[in-house]
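Novice: Take a look at the following structure, please.
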Amino acid sequence: MRELVFALEYEPGCNRVADALADHPDARVRSLSLHATAEQLWRVDHASGSPDALDAIEDAFLTSDYYADCLATEDCSATQTTRVLDSTDDTLVLYSDWERTPTCASVPHIARDHLGDGVLFETRHEGRHYTWRLIHSGEGDMAAFFDALEVAVGDCAQMEMLRTTETTASMGGADEKHGVLSPEQEAALQAAVEHGYYESPREVDVGTLAEHLDLPRSTLTYRLRRAEEHLAKQHVAGDQSPEETPATR
């Protein structure tokens, strides 16, 4: 089995959910379940954030023509249904069902075409970054998958490869510790250290650092957050010893 992780960074106005999340940087959406057949896609998503952010996310889900992973940039006449399964002050659970048409394209359907059946999907959406984690047999044509995805995405988003490796790991979420930092995360972290971002008080803020690196602020924030998350979990895992691990009864 192989693990494939990549991100799409949406341009403003191309994805309603990405626009809502960009306006609320502390909010995020992650998939709880995602399944696709040749003609249909259905998924359950968990959103977290402030009440205002959840209102904006819910509106984007319920009113957007293309959110259920359709990459079409014009009306594709697909039928989509979204329902709220659960809602609290800081969380929202949504179910989406999408029946595609011949002009529709999506990451799961492109993956089925080029990586074969039985692909497992996980997603995480923060700001304009939409991160996909795929577990597949490794027998498909990955180059053809990315070529087809690039055509479908067009000018609406930029693609960033984060990781591809052999794996036996279960689908435990994008929050898990995997491998090493991506080259982009490593470069962002190194630049942040060199320019005093982690000094106290800070010598540079994230906006100025993003301008220096010629990156969108949201892109740099995303890469630093993922790098910090990875290193924190790696540190905690490394500090665990058999003596410190509670006994199983």
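The values are calculated or read from the model by the stated rules, or taken from the named source; none is laboratory data. Since the structure is predicted, the reported quantities are computational estimates derived from the model, not experimental observations. Note: ideal-geometry Cβ built from the backbone for every residue, glycine included; neighbour counts use all protein chains shown. Protein only, heavy atoms only, side chains kept; ligands, DNA and RNA dropped before computing areas. Shrake-Rupley method; radii C 1.70, N 1.55, O 1.52, S 1.80 Å.
Novice: Count, please, the residues in region 180-201 that happen to be under 22 Å from the mean Cα position of the chain (by Cα), open to solvent by less than 30 Å² (accessible area, probe 1.4 Å) and either charged (D, E, K, R) or more than 15 Å from Arg223 (Cα to Cα) (or both).
Specialist: Selection size over region 180-201: 0.
Novice: Still on this structure, please answer the following. Go through the residues of region 100-121 one by one and say whether even a single one is of a type in the set (S, T, N, Q), touching a Lys or Arg at 6+ places or on another chain (Cβ under 6 Å), within 30 Å of Ala56 (Cβ to Cβ) and open to solvent by less than 30 Å² (accessible area, probe 1.4 Å).
Specialist: Checked against the condition, which is being of a type in the set (S, T, N, Q), touching a Lys or Arg at 6+ places or on another chain (Cβ under 6 Å), within 30 Å of Ala56 (Cβ to Cβ) and open to solvent by less than 30 Å² (accessible area, probe 1.4 Å), region 100-121 yields no hits at all.
Novice: Filter region 10-30 for residues that are outside any helix (DSSP H, G or I) and open to solvent by 30 Å² or more (accessible area, probe 1.4 Å) and give the result.
Specialist: If the condition is that a residue be outside any helix (DSSP H, G or I) and open to solvent by 30 Å² or more (accessible area, probe 1.4 Å), then Glu11, Pro12, Gly13, Cys14, His24, Pro25, Asp26, Arg28, Arg30 are the ones that fit.
Novice: Would it be correct to say that Phe6 is closer than 27 Å to Val180 by Cβ and either open to solvent by less than 40 Å² (accessible area, probe 1.4 Å) or modelled with pLDDT of 90 or more (or both)?
Specialist: When the stated conditions are applied, Phe6 passes them.
Novice: Restricted to region 122-160, and to residues that are open to solvent by less than 20 Å² (accessible area, probe 1.4 Å) and of a type in the set (S, T, N, Q), which residue is farthest from Ser33 (Cα to Cα)?
Specialist: Step by step, filter region 122-160, then rank; the result is Thr131.
Novice: Test Ser31 against the stated conditions and say whether it is at pLDDT 90 or above and under 24 Å from Met161 (Cα atoms).
Specialist: yes
Novice: Please verify whether region 64-81 includes one or more residues that are exposed (fewer than 14 other Cβ atoms within 10 Å of the Cβ), in contact with a strand residue (DSSP E or B) (Cβ under 7 Å, 6 or more places away or on another chain), part of a strand (DSSP E or B) and not charged (D, E, K, R).
Specialist: Scanning region 64-81 turns up at least one residue that is exposed (fewer than 14 other Cβ atoms within 10 Å of the Cβ), in contact with a strand residue (DSSP E or B) (Cβ under 7 Å, 6 or more places away or on another chain), part of a strand (DSSP E or B) and not charged (D, E, K, R).
Novice: So which residues in region 78-132 are hydroxyl-bearing (Ser, Thr, Tyr) and without any contact (Cβ under 8 Å) to a residue 12 or more places away in the chain?
Specialist: Result: Thr88, single match.
Novice: Also: Testing Ser87 on (1) open to solvent by 30 Å² or more (accessible area, probe 1.4 Å); (2) within 19 Å of Asp147 (Cα to Cα), one condition comes back false. Which one is that?
Specialist: (2)
Novice: Quick check on region 35-54: of everything there that is more than 27 Å from Ile110 (Cβ to Cβ) and within 20 Å of the chain's Cα centre (by Cα), which residue is surrounded by the fewest Cβ atoms within 10 Å (Cβ to Cβ)?
Specialist: Checked region 35-54; the qualifying residue surrounded by the fewest Cβ atoms within 10 Å (Cβ to Cβ) is Ser50.
Novice: What number of residues within region 202-230 are open to solvent by less than 60 Å² (accessible area, probe 1.4 Å), at pLDDT 85 or above and out of contact with any helix residue (DSSP H, G or I) (no Cβ under 7 Å at 6 or more places or on another chain)?
Specialist: Qualifying residue count for the region: 1.
Novice: Here's a follow-up. Which residue pairs have Cβ atoms under 8 Å apart, sit 6 or more places apart or on different chains, and have a first residue in region 134-150 that is closer than 17 Å to Leu120 by Cβ and assigned to a helix (DSSP H, G or I) and a second that is modelled with pLDDT of 90 or more and open to solvent by 40 Å² or more (accessible area, probe 1.4 Å)?
Specialist: What qualifies is Met142/His114; Phe145/Asp113; Phe145/His114.
Novice: Tell me yes or no: at least one residue of region 216-235 is farther than 19 Å from Leu162 by Cα and free of Cβ contacts under 8 Å to residues at least 60 places away in the same chain. Reasoning before the result, please.
Specialist: Of the residues in region 216-235, the ones farther than 19 Å from Leu162 by Cα are 235.
Pick out the ones that are also free of Cβ contacts under 8 Å to residues at least 60 places away in the same chain and you get 235.
Yes, some residue in region 216-235 is farther than 19 Å from Leu162 by Cα and free of Cβ contacts under 8 Å to residues at least 60 places away in the same chain.
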